[in-house]
Amino acid sequence: MQCNLFEQDADKPQSIDLKGGELELHRGWLESDLATEYFNKLAAEVDWQQPEIWVAGQRHKIPRLQAWYGDENSVMEYSATRFYPTPWSKELISLKDLIENKTESSYNSVLVNLYRNGADGVGWHADDEKELGGCPVIASLSLGASRSFSLKPKRGGKSIKLELNNGDLIVMKGDTQRNWLHAVAKTSKKIGPRINLTFRYIFS
Ligand SMILES: O=C(O)CCC(=O)C(=O)O
Ligand SMILES: [Fe+2]
């Protein structure tokens, strides 16, 4: 068995080695009781919507619920739809402040997704909209049920799968959005709801 020469520092994120991308993983960044408290508050209070998008000439409801919060000027385009942010709630601004401190980056908006069960997911995509700039830092917090988060190189090659649990925080940065796609696959497993928050900085 190979031993780790360095003691894991609980405060230090794990760096996932992506060729042409950077990903930080902060396991259990929020302690599980606190993460569950945030989950419950957000599930009840977020202004959940189920937007429709165009896929191959047809309108479809996205397979999850979604909401967009942020500063007034952080307007976002996603799958040919414009999203105007709802003003920050108390919980969301407190999470934003904590995550800004932790990740030493600033954010002016957050996309919140609710995966109601295993039938909800998000297909392969990159968060590479022009409003996010060339090298976006995207901080992604997971609350509630565990789900598999996958990444695969745009040019083809091996994919990477991470199980994201209640309270885990990942940060995608550098060229990750330029070179990699990510997804949360649907699953037939009987699982409960999960909320994911991706904090972003929108240039307008
Ligand atoms: O739910 C997740 O972990 C990812 C969500 C995502 O990729 C997005 O909102 O752009
Ligand atoms: Fe994404």
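Here is how the numbers come out for the structure above:
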{"item": "Residue 108 being within 14 Å of ligand 1 (Cβ to nearest atom), polar (S, T, N, Q) and in contact with a strand residue (DSSP E or B) (Cβ under 7 Å, 6 or more places away or on another chain)", "result": "no"}
{"item": "Enumeration of residues in region 53-76 that are surrounded by 13 or more Cβ atoms within 10 Å (Cβ to Cβ) and acidic (Asp, Glu)", "result": "71"}
{"item": "Unmet criterion (only one of (1) without any contact (Cβ under 8 Å) to a residue 60 or more places away in the chain; (2) within 11 Å of ligand 1 (Cβ to nearest atom); (3) more than 17 Å from residue 35 (Cβ to Cβ); (4) not hydroxyl-bearing (Ser, Thr, Tyr)) for residue 149", "result": "(3)"}
{"item": "Qualifying residue in region 11-23 (condition: at pLDDT below 95, farther than 23 Å from residue 182 by Cα and either under 18 Å from the mean Cα position of the chain (by Cα) or among the charged types (D, E, K, R) (or both))", "result": "yes"}
{"item": "Some residue of region 73-90 being farther than 23 Å from residue 51 by Cα, outside any strand (DSSP E or B) and either aliphatic (A, V, I, L, M) or at pLDDT 95 or above (or both)", "result": "yes"}
{"item": "Which listed residue is touching a helix residue (DSSP H, G or I) at 6+ places or on another chain (Cβ under 7 Å) and modelled with pLDDT of 95 or more, from 61, 41", "result": "41"}
{"item": "Complete set of residues in region 119-153 that are among the basic types (Lys, Arg) and in contact with a strand residue (DSSP E or B) (Cβ under 6 Å, 6 or more places away or on another chain)", "result": "147, 152"}
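The values are calculated or read from the model by the stated rules, or taken from the named source; none is laboratory data. Please read these numbers as outputs of a predicted model, since none were measured by experiment. When we count neighbours, we look across all protein chains shown, and the Cβ atoms used for this are built from the backbone with ideal geometry, even at glycine.
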